Structure formats: C-alpha cells, structure tokens
Amino acid sequence: MSTHEAEGIRGDGGDSGGNDPRIVLLGPPGAGKGTQSSNIEAAFGVPHVTTGDALRANKDIETDHGTPREYMDAGELVPDPVVNEIVVEALADAEGFVLDGYPRNIEQAEYLSEMTGVDVVPFLRVEEDELVRRLTGRRVCPDCGANYHTEFDPPAEEGVCEECGAELTQRDDDTEDVVRERIRVYRENTEPVVDHYRESGELVEVNGENSPDEVWEDLREAIEGNV
Ligand code: AMP
C-alpha cells in the first residue's frame, strides 16, 4: 500500500452539513468497541470503520513498512501511513461514521482532524484486569465471524461455532503476553488521545464494565445527547 492518494482525498475538516453522526469510539483493547460499533451502525445507519478488521484482512500485504502482521502479532501499532490510508479510503464518501480503533496516537488524531470534524467521542472505560480476562478468553469463528468467550459466553459444544459448526480459534494477539503489550501500547499512545478529546470537550465517558446491553443504553444516550 502507498499513501500517494491521501492528500487529494482529504477534505477541509469542516462540518459535513449532513445529519449522520460522526463518531469516534475510544477505549482500550477489549473494552467492547467492536460490539458497540455494530450497535451504532445498526441504530444510526452509519458505516462501521474499523482499522483492526481492515488490517486483519490484509495482514500479509507488503507495504513500504513491512507487513501489518509483523506489528499486529507483537501487539505494536502498525505505522501511521498504512493505517491513515485505510481511513482516508473508508471515509472518502461517508457522511457519518463510527470509527473503531482509530485514532490510536496523537499523530493519527491530528491527521483525522485535517480530514473531517467529529460530533462526539464516546470513551468506554474498563479496568486492566477485566480487559485481560475478556481478551484472553475470547474465541472467534474464522468462517462466519461469530464471537464467544470461554467463561462469559461459551458455545454449546466446546470449541465449535453454534452458527456454522466451524472450529473456533483464538486471535494471534489475544494471548496473555501480547494482550499485556497491547494494553501497555494503549497507555503510552492512546491515552493521550483520550486526554486530547477530553480537553476539546468532545469526550463522553461511558462505564464499559457493565453488561453489553447496559453499555449500549448509556452509549446511545451519550450519542443522542451530543449530535
Ligand atoms: P484491534 O482489533 O483494534 O484491537 O487492532 C488489532 C491490531 O491492529 C492492533 O494491535 C494494531 O497492531 C493494529 N491496529 C489497529 N488499528 C490501528 C491503528 N489505528 N494504528 C496502528 N495500528 C492499528
């Protein structure tokens, strides 16, 4: 991938003028951003733009900076030019959006602000022990994408997808040592992004430790009250 198209596509950063909300969903790895972004997509009719999924689908693509896999499997951030390009392309025709997993550092936040304004930045707050429990127990279906948890949401038959019968797998970066590194990288790089949006007044904090339904209720209120 290259970044040569980026400059031409970036807008003026002003208001979109439309009614579709522009949402940046922040939170540490394992906070439930993917689940809640799907809820937002369904309820508000905006596309779910997730750099994590886009990178997973392109893990072995050769870029000027190596393959995304080299960074992802170690729990490190993929270099900004690779990630920025994904977001530029995804947002090119979007009026509203829910961004999940981006921006993850201050440079990406600055890049985003040149591309578009945002309406609200919900932040899902979850403590570290809970994140580790959630992530290390997560199992995914490689065929249909269904998610399970060994402790909180096990499938009827251990290791087998209830939806399609495929054998469940663990994400390469959900092992405990990589999870701890992802959380460290989050603290170092992404917490300053949280502070940045808190200072700009766009951040709305939501308790991410509640049940998914309760989190969704709070999140929906936070969005409706701010767009
Ligand atoms: P996620 O599914 O959001 O937890 O992302 C999985 C991995 O993809 C991360 O640990 C990073 O290696 C990479 N990644 C996702 N989004 C970004 C981003 N905005 N900047 C850099 N790396 C990212």
Note on region 25-73: residues surrounded by 17 or more Cβ atoms within 10 Å (Cβ to Cβ), over 9 Å from the mean Cα position of the chain (by Cα) and hydrophobic (A, V, I, L, M, F, W, C) are 31, 40, 44, 46, 54, 55, 72
Test: residue in region 117-130 that is closer than 30 Å to residue 92 by Cβ and more than 16 Å from the chain's Cα centre (by Cα): yes
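Return the only residue of 94, 90 being at pLDDT below 95, assigned to a helix (DSSP H, G or I) and not charged (D, E, K, R). Break it down stepwise before answering.
Numbers: 94 fails: assigned to a helix (DSSP H, G or I).
From the options 94, 90, the qualifying one is 90.
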Criterion first (out of contact with any Phe, Trp or Tyr (no Cβ under 8 Å at 6 or more places or on another chain), within 15 Å of the ligand (Cβ to nearest atom) and within 16 Å of residue 34 (Cα to Cα)) does residue 177 satisfy it? no
Can you tell me which residue among 217, 188, 209 is over 16 Å from the mean Cα position of the chain (by Cα), surrounded by fewer than 19 Cβ atoms within 10 Å (Cβ to Cβ) and not in a helix (DSSP H, G or I)? 209
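Has region 153-173 got at least one residue that is closer than 28 Å to residue 107 by Cα, touching a strand residue (DSSP E or B) at 6+ places or on another chain (Cβ under 7 Å) and within 13 Å of the ligand (Cβ to nearest atom)?
yes
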Please list, ordered by first then second residue, the pairs with beta carbon atoms under 7 Å, 6 or more apart or interchain, first in region 159-171 and in contact (Cβ under 8 Å) with a residue 40 or more places away in the chain, second loosely packed, with under 14 Cβ neighbours inside 10 Å and in a strand (DSSP E or B). none
Is it the case that region 127-142 has a residue that's exposed (fewer than 14 other Cβ atoms within 10 Å of the Cβ) and small (Gly, Ala, Ser)? no
Determine whether region 78-95 contains at least one residue that is within 15 Å of the ligand (Cβ to nearest atom), over 26 Å from residue 227 (Cβ atoms) and among the acidic types (Asp, Glu). yes
Subset of region 36-65 [within 12 Å of the ligand (Cβ to nearest atom) and under 20 Å from residue 172 (Cα atoms)]: 50, 51, 52, 53, 54, 55, 56, 57, 58, 59
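The values are calculated or read from the model by the stated rules, or taken from the named source; none is laboratory data. These numbers come from a predicted model, not from an experiment. Quick reminder, even Gly has a Cβ in these numbers, built from the backbone with ideal geometry, and neighbours come from all protein chains shown.
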